[in-house]
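Note sheet for the following structure.
The values are calculated or read from the model by the stated rules, or taken from the named source; none is laboratory data. Treat the numbers as computed from the prediction; the structure is a model and nothing was measured. When we count neighbours, we look across all protein chains shown, and the Cβ atoms used for this are built from the backbone with ideal geometry, even at glycine.
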Amino acid sequence: MVDNLRGVEAVYRVVQALNDELISNPFCNTVTLGEQTEIDLAKMTIFPMANITMNSVTHNDNSLTFDLTIVNVDIVEVSKEPKENNIYNNDNMLYIWTNQLYVINRLIGRLKHGSLYESWELNNDPQSEFINKEFENMLAGLTTNISITVPNDISVC
């Protein structure tokens, strides 16, 4: 954590709160911050992981609205055994989707019901899109855009 918070502390609070909530989930071992194109380029991440991308901030009178994207993924493992059926194939993708849906659903639930921060407001009903064997490492999971409004900690006076 930064020793001397300058300017709008809301950025630090939002990132730290999302990090703490995501990393507390048993199906998330690593949380990163940055662009989606940078996800695990070093191939050193301990999966499953979540990545937070800060897209924009809207400056309201007494609040700030952060638009961000959370990508939560795991590596798809393909078995050399012949597939048993056409639904489950010979990989763990359905297992990953189930676990990563739990990760993002729990985060959204805590944002909606104020247990993450009582003064925060989730502005929409977020929609998640499934990721199917994408990126360099054949990752599967979900990408979710959320919009959070938090109090502005800088006085206009």
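If I ask for residues that are in contact (Cβ under 8 Å) with a residue 60 or more places away in the chain and either within 22 Å of Val73 (Cα to Cα) or surrounded by 16 or more Cβ atoms within 10 Å (Cβ to Cβ) (or both), which ones from region 101-119 would you list? Spell out the reasoning first.
Initially, region 101-119 is screened for residues in contact (Cβ under 8 Å) with a residue 60 or more places away in the chain, giving 102-103, 106-107, 110, 116-117.
Across region 101-119, the qualifying residues are Tyr102, Val103, Arg106, Leu107, Arg110, Leu116.
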**OP:** May I ask you to say which residue of Asp153, Asp125 is out of contact with any strand residue (DSSP E or B) (no Cβ under 8 Å at 6 or more places or on another chain), in a loop (DSSP other than H, G, I, E, B), under 30 Å from Glu9 (Cβ atoms) and at pLDDT below 90?
**Re:** Asp153
Original post:
So, in region 1-23, of the ones that are surrounded by 10 or more Cβ atoms within 10 Å (Cβ to Cβ) and part of a loop (DSSP other than H, G, I, E, B), which residue ends up modelled with the highest pLDDT?
Top reply: Glu9
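For region 32-56, name all the residues that are over 13 Å from Gly141 (Cβ atoms), in contact with a helix residue (DSSP H, G or I) (Cβ under 9 Å, 6 or more places away or on another chain) and either assigned to a loop (DSSP other than H, G, I, E, B) or at pLDDT below 95 (or both).
Hits for region 32-56 are Thr32, Leu33.
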**OP:** Return a yes/no flag: does region 123-140 have any residue that is surrounded by 14 or more Cβ atoms within 10 Å (Cβ to Cβ), touching a residue at least 60 places away in the same chain (Cβ under 8 Å), in contact with a helix residue (DSSP H, G or I) (Cβ under 6 Å, 6 or more places away or on another chain) and over 19 Å from Met54 (Cα atoms).
**Re:** yes
